[in-house]
Structure formats: structure tokens, C-alpha cells
Amino acid sequence: GQSFFFDTDGAGTWTQGPSRALALRDYAPSVMYDTGKVLFVGGGKDDAGDLPTNGAETIDLTASAPAWRTTSPMHFRRRQHNATILLDGTVLVTGGTQGPGFNDIVPGQPIRAAELWDPNTGIWTVLAKEAVDRCYHSTALLLPDGRVFSAGGGEYAPVNNMANPPGDTHADAQFFSPPYLFRGPRPTFTGAPDAVFYAQTFDLTVAGPDKIAKVTWIRLGSVTHSFDQNQRLNTLSFTRGAGKITVTAPANANACPPGHYILCLVDDQNVPSVGHIARIAARQVAAGTRAAPVRAAVFNAPRPGPVEKDAATIRAAARPAVTVGITPICLYGLAGCWGGAKGALRRLTGVATVLEEADAFTSTASVFLTDDRLPDLDLWRREFTHLANASYTLRGVEVTLTGPLEPIDGRLWLRGNADRPAVRLAPLDANNKVQWDFATKSPVPLEPEEASAYVRLKQAVSGRGGTDLSHVTGTLLKDEHGFYLELRAFAL
């Protein structure tokens, strides 16, 4: 639930900001419902037993000391829902599920009733229900006529390569008509420009300018995974004249990023006009005027991709990679849900580098450590669970260690050194193999060479009375006696 502020001056700096009272919540929308004012609503964690919240919080970024403050809660807990700023500045919430975990679509858990939040009162009002569930992968967009387009929803669950049940995969849409469309005649205007510059004034011809209460300017939407990063509203200043109003466009790109917006007039009965789409941008530098220096950017220059970056990382590595077994709660495996795990792995104690690409076939990732010390398995699990918001399970860790082997009391030991203790070797338990079959939700079965690796190595070492140097690879574990490695492969 921690917030951070980013200052774009120079190379940019991050500053820690206020924390939300309702803590960390995923798959929850936030909207800038007025200049510098944000509403964050609903959401939950991926834990199977964690229920989403109905709570809502706001923050005013224009205040001298911005802080999150609770507003009235929704009537329903929701996750995977959408929030849409309407033409009059109210916020419509649609869809989502009240069930636990990632995306609970068990009958009765999805919420079909919409809710409307009034920023002037902080009160939520329950509105009409949709005909179908709108949860994961759904979208909701404001239309210029004031309605909301609500569509989609569904998953692809790669269990035995079977698609999601058709009843839970929606290729349909509905149009929601907000209450303001039923309050009476709508104001009208003509003469709206298709493009404006920052701080420009422009006239709109209006019948009854005295009845116009406010002018709204709303960014066109673009929703993914419950979040519309484009969505924002500016309330524009205006003056009234004879049969017209004169409107002033937003002052600069800080308050209103360039792009396309819906221009709308709202009357004293809180009834909006039909919106007009217009583009806002900075003025071009006049001919002969000296512009500020611009740093050249070459967009067609070849850049290394993830595969090339990983190859370079492996070539430069001073020690073997550590393989980490990871199971995402997300239904699509690491092929589609890798970013959160990669970010968490980068912050684990002792990790220097994480390869850009995960191995989706075995649900594993590769990391390189800062030194030759063994990873603290218990600490890694705690850190990973926290950093990844319990969205993944760390199944196990496979390492490759190098050193002399010696038989002691009938067991094989890898001799310790200045950086790590001695490590006992053991046969690989099939349940502890790090490589994972995501379709069967179980470890990849042992190959004959893997199942016999410990016996074969023990025979070779016993015949020699020990070895000068060996490379052993396997699952690293720890018990009351210390570290031990369940052997999967070796090289003498």
C-alpha cells in the first residue's frame, strides 16, 4: 500500500509518499476524478483465502501534504472490476468478483450490479445489473454520448490445454445509461474545435449559457486488467456571454497530458451534453524562434532483445545460475505472468542478476548470486511471498556447486570452503524436483539418469576414496543438520 512520487527533473528521483490505509490491493482501478485527485477502489490479494475489499480511498496530490483518506465503502466487495469517470465527474464501477483469490467466477461470486460514486458526497449508489459477469479481461469505456460500453470478460485456463468454459468467456457487450440521461433535456453547444492548444480560449455557442454549471474535459479510455492509466478529468474554467461561453483549455501538460479528450457541458441540473472529441497539444515553435535543445533519439538503432541480454549475462557470469521454481496463481503460467516474479527475484537477498526470460515449460527462473554463499532458503521464501504479494509460490531452489567430494559414514559430502559450509548429498526425491509441469500441476517426472544420479556418483567416489573436483546439481534443502543437496546431475 506504499505510494511513491517520481520527480522527472534530470535523471529522475523517487520519493516515498503516504501509505494507503487499506494496504496493498491488486486488480483494483484508480481514477483521477479531478485535477490531481485520485480515487482508489476495491481490490484484493491473490491468496486463495483473501477476500477483496469494498473500501475506497482518495488522495489530493495538489495538497501541501498529500495523504490517503477513506471515503464511503462500496456496497459490494470487488476485484477485477472497472471504474469509469462519467461526463458529470461521477465515477461508475462495474463488474468484478467478491470471491477470494485471483478471479473467483463461481456462481454467486461475480457482482453484476453497478455502483455510482459522487465525489461531492463520497456516497455510493447501487444501480442496474448487467446480464452477464464482467470480471478478468473485461473493459468499460465512456462514450461521447454519456453511456458506458461494458464488454468482455473471461480467461484461458491451460489445464490439459482446455479452454475456459464458454459460459465464462464473454465476447458480448452492453451499454449502460447513467442516471443523468433520465433527468431531462440535455444542454447543447456548437462551434467546438477539433484541436486546441494549452491555455487557449475558445467560444462555444450555447442556448442558455446561464444554465451551464461546469465544463468537463475527460481523457479517452484504454482499459487493461481493471486499470485505465489514461483516465482523468479536468474541470475547465469558463465565462458566460450572450449566447455563448468562453472556455479556457488546461494550462499545461502537467495537468493534462497531450492527446484526445471528450469536451462536455454540464447544466445546473447535473445533466451533461453530448460530448465532443478534441485533441490538445502544445503550440509549435514559430519560424525563426529558437527552440529549446532537443536530445536526438534514434529509434531504428538495433537494441539487444531479452535473448541477447540473457546470453550476455550468462557469458559474463562468474558462477553458475541458480534455478528457482516458481508457480504463479495466475492461470497462464510464467509465459503470461512473469513480471511480478521477476521484480521480486531481483530484490531477494544475495541476488545480483535475474535472466530476462523465464522457462515457462518448467516454470523456473534463473538468477545469479553476488557471491558463493548459499541462499538463505527461509529468508528467500519470506521475502518472495512479501515482494510478489503472494501471487506466486516459490517451490524450491536448484544450485550447481563445485568442490571436492568425500564419503563420510556411508554418505557423500561436498567439502565446505570459506564461503559456504559442507553440503550433504542425497538421492533426488521426485516430489522435490524443481522443474514443474504446469499442465499436471506436479514436478516433471524423473529421468532414469536423474533417479540414479546419487547411486552412480557414490559408486564412483567410493571407488576413488574421494575426488579433487566435482560439479553437482540438485535441489538445495535444509534440515536441523544443515544444508543438503538432492542430486539431479553431476560431472567429475
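FYI, it's all coordinate maths here, none of it is from the lab. The structure presented is a predicted model; accordingly, all values stated were derived computationally and were not measured. Note: ideal-geometry Cβ built from the backbone for every residue, glycine included; neighbour counts use all protein chains shown.
The table for this structure:
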| read-out | value |
| --- | --- |
| Degrees separating the helix 453-464 axis from the principal Cα axis of the chain, which is the longest one | 40 degrees |
| Diffusion coefficient, µm² s⁻¹, Stokes-Einstein with Kirkwood Rh over alpha-carbon pairs of segment 173-213 at 10 °C and 1.306 mPa s | 120 µm²/s |
| Proximal lysines relative to Lys129, as straight alpha-carbon distance under 22 Å, when same-chain residues fewer than 8 apart are discounted | none |
| Whichever aspartates and glutamates have a C-alpha closer than 18 Å to that of Lys214, once near sequence neighbours (fewer than 8 apart) are set aside | Asp34, Asp88, Asp118, Asp145, Asp203, Asp267, Asp268 |
| Cβ-defined net charge surrounding Pro110, 9 Å radius [Lys, Arg +1; Asp, Glu -1] | 0 |
| Segment 2-281 - Rg (one decimal) and Dmax (whole number), Cα, Å | 19.8, 70 |
| Neighbourhood charge, 12 Å Cβ-Cβ cut-off, centred on Thr246 and excluding it, Lys, Arg +1 and Asp, Glu -1 | +1 |
| Förster-model FRET efficiency, 30 Å R0, Thr235 and Ala282, C-beta, rounded to 0.05 | 0.90 |
| Evaluated over segment 159-233, the Cα radius of gyration and Dmax, each in Å | 20.3, 65 |
| Listed pairs Lys342/Lys458; Lys45/Lys342; Lys45/Lys309 exceeding 26 Å between Cα atoms | Lys342/Lys458; Lys45/Lys309 |
| Compactness index (Cα Rg / 2.2 N^0.38 Å), segment 190-254 | 1.30 |
| At R0 = 45 Å, FRET efficiency that the Cβ-Cβ distance of Arg411 and Ala360 yields, to 0.05 | 0.80 |
| Crossing angle, helix 377-387 versus the chain [Cα axis fit, 0-90 degrees, rounded to tens] | 10 degrees |
| Highest average packing first - 243-250, 177-184, Cβ atoms within 10 Å | 243-250, 177-184 |
| The chain: Cys lacking any partner C-beta under 4.7 angstrom | Cys135, Cys256, Cys264 |
| Qualifying lysines (Cα of each under 17 Å from Cα of Lys478; at least 8 residues distant if same chain) | Lys433 |
| Per-peptide average of other Cβ atoms within 10 Å, ordering 86-99, 127-140, 251-264 highest first | 86-99, 127-140, 251-264 |
| All-pairs Cα distance distribution in the chain, expressed in whole percent, bin size 20 Å | 19, 41, 28, 10, 2, 0 |
| Euclidean distance between Cα centres, segment 188-204 to segment 48-125, Å | 34 Å |
